[in-house]
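Please read the structure below before turning to the comments.
The values are calculated or read from the model by the stated rules, or taken from the named source; none is laboratory data. These figures come from a predicted structure and were not determined experimentally. Note: ideal-geometry Cβ built from the backbone for every residue, glycine included; neighbour counts use all protein chains shown. These accessible areas exclude ligands, DNA and RNA; they are computed on the full protein's heavy atoms, side chains included. Shrake-Rupley method; radii C 1.70, N 1.55, O 1.52, S 1.80 Å.
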Amino acid sequence: MTYNPQFARFGEILVHEGYASEDQVKEALIKQSNFGLKIGETMIKLGYLNEKQLLSVLNMQLGYEIAMENELMDLDIDVVKMIPEPYANENRVVALREDADGIVVAMADPDNLTVLDSLKKILGKNVKPKLISETALHDTIEKYYKSIRTTSEVEDAVGGFDFVAMDDDENEITISAASGDADAPIVKLLNLIINEAIKSNATDIHIEPLVKNTRVRYRVDGALREVMTPPIGMHPGLISLVKVMSKLNIAERRLPQDGHISLKTSLKSVDVRVSITPTVLGEKVVMRLLDKGEFGFKLTTLGFEQEDMDIFARIIRRPYGIIIVSGPTGSGKSTSLHAALKEIEDIETNIITVEDPVEYRLEGITQIETKEQIGLTFGSALRSVLRQDPDIVLIGEIRDEETADIAIKFSLTGHLVFSTLHANDAPSTITRLIDIGIKPYLVGSSLSLVMAQRLVRKICPYCIMDYKPSEQELSDCGLSPEDAAKINFKMGRGCVHCDNTGFSGRTGIFELLIVNPEIRSLIYDGGNQDLIREAALRAGMRTLHDAAMNKMVKGVTTIREVIKMTIVE
C-alpha cells in the first residue's frame, strides 16, 4: 500500500519520517495511559521527540498550517483579547488576527471540535485554526495577556487620577498616595510598576520625567526597555510615594537622596535600593532590586572557559592573599565572588563578609551589612572582623585607602581576602590600587589574582539564525575578511520567547591575571600598566575581547555584543 501521511497513524508517520523507532513508539503507546497524554506528548516526555518534530508530523497528518514565529511577534491586542484569558489558558488557544472570512487562531490541538465550536460562539465569526507548539503557545499567551492586564491596570490607575495640588511655592499640598490610601491611583500604579519588574526579572527600575509624560523602564539582561508612560501629572505623586516608602524627605527636591525599601511579594522578598536625583524636568528615581532569596549560582554556571575555571578554582583555595574582581557596576562581580565563597565554604572555615548592601544570602557564612548613618562603615566593620577569628574575608568593595590598607593587612597576616574594584581591565586594577595610595611593594606582596569581567547577552535559542556582519562590524571587532570567513556568525531574529530582543539571559567573560614573579617585580617598580599587560599576555592571559570573541565563535553571543562590551587592543 502507498504511504499517505493523511491516512496513516501517528506512530507510522514517526517511523516513516525517521523521527522515532518502532520500539520507541510501542513504549510510548504503553505509557501514554499512565501519563494521561496523547502519544505525541508522551514521546516528548520520554525524550524521543521534540516540539518541532511533533508539529511537522501533525502538519502532515492533519493538514493544518503551522503558526510561524514571525506571525506571533506583533499581534493586535484587541484581537487577542477577543478570547478571554481564562478560556485561552484552559483550552490552549490564542487569537492571531482577523481576516475577511474569520478569525485565525493558534491551537496546540486544532482537531478539538468542542473547542472550535465554542470559539465560534464566543467570537461570533468563523474560526480558522493553525498548529502551534505548547512552548510557543504558553509564551504567546503569557506575553500578550500580561500586556492586556498591565494596560488595563495602568488605565485603571490613570483613570482615577485627577491632579496633584500645589501651593504658591510649587510644594505639594495633598497626595492621597502618601497619606496611605491603598485605593489611590498612584499607589496602584507604583504597586504595578514594582510587581511587573519582579515578574520580568528586572534588576533596575527607572522612573523619569519627560516633557509630556513619565517614562518607566526596566533593565532586563543588562538592557533598558520601556514598559509604560503614565501622564506627567502623576510624576510628583509617584516620587513622593517612593520617598515616603524609603523614609526620605518629601519636601527636599533640590538635592539627591538615597534610601531603601524592603518588600515581600507573593513571588519573593526583595530589597529595593532607591536613588533619587533632581533633573531639569523633575526628580528621577532609579530603584535597584536585590533578591533576598537563597543564592542560586555556582562557578560552573557563570560562563568560565574550562582553562580559566581551573585557574580560578585553584587560586580561591589558597590559604592567603588577595583576589580582586574588577569591572563596572552591574558586571556580575558580586555574583562571581559569592559563587567562589559557596564553592570553598565548609564546616572547618570561618568566612565573614562586609558588604554594602548584602546582595545575596549565603548559608553558613557570616554576613555584615554596613550602615553609614550609625557609624558602621567598611573600616569600623573590618576592624571588628579581625577579632572574630576569620579564615576568609570578603570586602564588598575597595573604595578608598583605608579599606585597601585593611585588605592588605588581612592578607599579610595569613587571611584569604576577596574584594571588588571599579576598573576597566585586569592590568589597570593594579595601577588603580597604587593610585588609591597603597605602596607598590604591599600590592605586589599581597595580590594573588586579578579578574576583570563583563556580562554579554546570550542569543535566544528559539530564534537563533545565521548573520552576515557588515565590513564596519568586522573592522570594529578587529577581524580580517579571511578570519571572518572561518566564523559562522549568529544572531537572534526576535520572537515571543525573548520579547523580540533576540537575546535570552547573560553569561560572563573573564580576564584572569595571575600575579607571577615577573608581574610582581613590575608592580614593585611602580606598576606600569602597559608593561604589566604585556607580561600577563606572555604568561597566557586571555583578554576580555578574546573571551568575548570565543563566545561569539561558539554561537553564544553576537558580534554586536562583542563590539559593545569590549575594546580591541
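Structure notes:
- Accessible surface ranking for Y218, Y360, 1.4 angstrom probe, highest first: Y360, Y218.
- Beta bridges per DSSP with both ends in the chain, % antiparallel, nearest 5: 65 percent
- Relative contact order for the chain: 9 percent, from Cα pairs under 8 Å spaced at least 6 residues apart, divided by residue count.
- Projected onto its three principal axes, the C-alpha set of the range 179-263 covers 35, 31, 30 Å, listed from the longest axis down.
- Cα gyration tensor category, rounded, prolate or oblate, for the chain with a/c compared to 1.5: oblate
- Lys/Arg +1, Asp/Glu -1 at C-beta; the chain dipole; positive extreme among P231, N34, G437: N34
- At 1.306 mPa s and 10 °C, Stokes diffusion of the range 84-136 via Kirkwood alpha-carbon radius, µm² per second: 144 µm²/s
- Over every Cα atom in the range 392-547, the radius of gyration and the widest Cα-Cα span, Dmax, amount to 20.0, 56 Å.
- Test item: Cα-centred dipole of the chain, Lys/Arg +1 and Asp/Glu -1 on Cβ, debye: 580 debye
- Using C-alpha pairs below 8 Å separated by at least 6 residues, the relative contact order for the range 413-554 is 32 percent.
- Seen from a random direction on average, the alpha-carbon convex hull of the range 268-388 projects onto 10.4 square nanometres.
- Computed accessible area, K371, all protein chains, 1.4 angstrom probe, square angstrom: 90 Å²
- Solvent-accessible surface ranking, highest first, for Y145, Y48, Y524 at 1.4 angstrom: Y524, Y48, Y145
- Exposure ranking of R538, R92, R288, R560 by accessible area [1.4 Å probe, largest first]: R538, R560, R288, R92
- Per-selection metrics, the range 331-468 (Cα): Rg and Dmax in Å: 17.2, 60
- When Rg and the Kirkwood radius Rh are both evaluated on Cα atoms of the range 517-556, their ratio Rg/Rh stands at 1.18.
- The shape of the range 442-507 comes out oblate: with a ≥ b ≥ c from the C-alpha gyration tensor, a/c is at least 1.5 while a/b does not beat b/c.
- Dividing the helix sum by the residues of the chain, where each DSSP H run of 4 or more adds -39500 (n - 2.57), gives a mean residue ellipticity at 222 nm of -11500 deg cm²/dmol.
- Shape category assigned to the range 216-271 from the gyration tensor of Cα positions, a/c cut at 1.5: oblate
- Taking the Cα centre of the range 206-352 as reference, the dipole from Cβ charges on Lys and Arg (+1) and Asp and Glu (-1) amounts to some 800 debye.
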